[in-house]
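Please treat every number below as a calculation from the coordinates, not as lab data. Keep in mind the model is a prediction, meaning the values are calculated, not measured. Reconstructed Cβ throughout: ideal geometry from the backbone, glycine too, with neighbour counts over all protein chains shown.
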Amino acid sequence: MPENNNLTLVMGASANPSKYAYLAAYRLHERDKPFILLSIKPGELLGQKFLNLADKPAIEHVHTVTLYIGAIRLAEWQDYILSLKPKRIIFNPGTENMALADAANALGVETVFGCTLVMLGTGQY
């Protein structure tokens, strides 16, 4: 796993090219930004196997968690996400979960309600 402070976790990764999580991983790859793919479904993308989200793998040096899991389902992953000690959580459209955002903010984690693809495309990432 990459060991630096710029690591992005793509939660809800997909190998389906029509999914935004796929596009986000692809654009991170194009911009040489290190990332790890997490999903409850097995898969592989860009030569990287998905880590099983259900295993709640220990991952260090997390800077950003970008979410592609529906807002309602995030409750079951909240403690895990916060245990990773990210510096930032990006709530992509459809993932807006105020309980997670409030808990993250209370820990000093930056929360962004935006789109990873737009952020990457405009240099705001």
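Of note:
- Sum of side-chain charges, Asn97 neighbourhood, beta-carbon under 14 Å (Lys, Arg +1; Asp, Glu -1): -3
- Top positive-direction residue, dipole computed over the chain with Cβ charges, set Leu120, Ser18, Ala104: Ser18
- For the range 1-106, GluC sites (Glu not before Pro) are listed when DSSP marks them as loop and at most 15 other Cβ atoms sit within 10 Å of their Cβ; the list is Glu3, Glu60, Glu96.
- Helix-only arithmetic for the chain: the sum of -39500 (n - 2.57) across DSSP H runs with n ≥ 4, divided by the residue total, places the mean residue ellipticity at 222 nm at -7000 deg cm²/dmol.
- Rounded to 5, the percent of DSSP beta bridges in the range 7-121 classed as antiparallel: 10
- Order of Leu51, Leu107 under a 10 Å beta carbon neighbour criterion, fewest first: Leu107, Leu51
- Our Cα-only numbers for the range 80-125 put the radius of gyration and Dmax at 10.8, 30 Å.
- Long-range HN-HN contacts of Phe35 with modeled amide H, under 5 Å: Thr8
- Using Cβ point charges alone (K and R +1, D and E -1), the dipole size of the chain about the Cα centre works out to roughly 220 debye.
- Spin-label model distance (nm) - Arg88 vs Asp32, 7 Å beyond Cα toward Cβ: 1.9
- Of Ile69, Ile89, Ile40, the sequence from fewest to most neighbouring Cβ atoms within 10 angstrom is Ile40, Ile69, Ile89.
- Counting other Cβ atoms within 10 Å as a rough exposure proxy, the listed residues Tyr22, Tyr80 run Tyr80, Tyr22 from fewest neighbours to most.
- Proportion of all alpha-carbon pairs of the chain beyond 21 Å (%): 31
- Sites Asp102 and Lys56 - FRET efficiency at Förster radius 25 Å, r taken between beta-carbons, to 0.05: 0.70
- Chain lengthening between Glu76 and His63 when straightened (0.36 nm per residue, less Cα-Cα): 2.6 nm
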